[in-house]
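Quick notes on the structure that follows.
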Amino acid sequence: MAGQRSFRALLQSLQHGLKGFQESQATFKILASVDFTLQPTTTVNVEEVPRTLFVLDSSFNPPSIAHQSLVETALHASEAYAKPHRLLLLFSTMNADKAPSAASFDQRLTMMAIFASDLLGKLKQDGASVVPIDIGVTTAPYYTDKSIAIEQKGPYGQSKHVHLIGYDTLTRVFAAKYYSKFNPPFSALDPYFNSGHEFRATLRPDEDGNVDEQKDFLSKLECGALEDDGGKPMSTFYSTMGAGREAV
């Protein structure tokens with residue numbers, strides 16, 4: 001019963017915060033945070049500005065085991081990124097190519113807050129690196145616009161953004177059709193990469209191809225295969241994992 005009351009209180013707080021965001025002209029806002037106490041709170045206090053901000057976009061699929069694995073693999077490799085670290089679970093009210101989920105926006109945000117609490121609990125139990133987690137909302141549908149909104153409206157200073165994505169998302173990021181208003185198309189990504197941000201793509205065999213096929217796509221990115229459309233040769237960090245898409 002206490003858990004149900006806590007869930008309802010969190011849902012109501014997020015409903016209030018989301019309503020205020022939607023009625024404003026803001027492009028980004030943090031609605032809740034989860035710290036080492038594992039309790040979600042709508043009182044946001046970023047005491048230590050991160051040098052690395054890991055960003056996990058949960059705008060379409062509900063939080064899942066696959067999402068959890070994306071975070072865990074990044075934190076296990078966290079020595080490669082400047083500290084202090086912080087994690088942002090980001091929800092976009094607009095999506096570039098997918099319809100909204102059946103769950104309402106406030107329900108989705110509540111699931112994200114519960115996911116954050118469960119994730120920190122597991123990290124503590126495993127003795128892994130534990131970082132504060134924020135739950136944020138944005139109106140921006142594209143990664144470049146999302147990072148600009150976070151830089152301008154977030155309390156993170158000039159932190160490096162590392163977007164944690166799966167292979168299916170990576171192929172959409174580098175699909176020229178989404179940047180038809182730009183010439184060449186991938187010049188749309190210049191502000192993102194010029195700011196020093198990067199993608200950390202995690203591979204796993206699924207309907208999008210086996211790992212060898214996915215590595216081949218990454219090799220093409222690194223070798224500049226997209227240069228005709230304005231893409232630049234780049235290094236993409238990746239690791240393999242076998243987690244599925246089951247919701248948690």
Would you mind finding the one in Ala9, Ala82, Ala74 that is at pLDDT 80 or above, part of a loop (DSSP other than H, G, I, E, B) and out of contact with any Asp or Glu (no Cβ under 6 Å at 6 or more places or on another chain)? Ala82
When residues of the stretch 155-179 are limited to those that are under 16 Å from the mean Cα position of the chain (by Cα) and in a loop (DSSP other than H, G, I, E, B), the one surrounded by the most Cβ atoms within 10 Å (Cβ to Cβ): Ser159
Is one or more of the residues making up the stretch 207-214 touching a strand residue (DSSP E or B) at 6+ places or on another chain (Cβ under 9 Å), closer than 16 Å to Lys160 by Cβ and modelled with pLDDT under 80? no
What pairs can you find where one residue is in the stretch 194-207 and more than 17 Å from Leu221 (Cα to Cα) and part of a loop (DSSP other than H, G, I, E, B), the other is of a type outside the set (A, V, I, L, M) and modelled with pLDDT under 80, and their Cβ atoms are less than 7 Å apart, with a gap of 6+ or different chains? Arg204/Thr240; Arg204/Gly242
Ile150 fails exactly one of the following numbered conditions: (1) of a type in the set (Val, Ile, Thr); (2) more than 21 Å from the chain's Cα centre (by Cα); (3) surrounded by 19 or more Cβ atoms within 10 Å (Cβ to Cβ). What is the number of that condition? (2)
Evaluate the stretch 112-134: report whether one residue or more is part of a helix (DSSP H, G or I), free of Cβ contacts under 8 Å to residues at least 60 places away in the same chain and of a type in the set (Asp, Glu). yes
Tell me whether the stretch 25-34 contains one or more residues that are among the hydroxyl-bearing types (Ser, Thr, Tyr), farther than 23 Å from Arg200 by Cα and exposed (fewer than 14 other Cβ atoms within 10 Å of the Cβ). no
Go through the stretch 96-138 and give me each residue that's surrounded by 15 or more Cβ atoms within 10 Å (Cβ to Cβ), closer than 27 Å to Tyr178 by Cα and at pLDDT below 85. Ala96, Ser101
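The values are calculated or read from the model by the stated rules, or taken from the named source; none is laboratory data. Predicted model only: the values in this text are computed from it and were never measured. With ideal geometry, Cβ positions are generated from the backbone for all residues, glycine too; neighbour counts draw on all protein chains shown.
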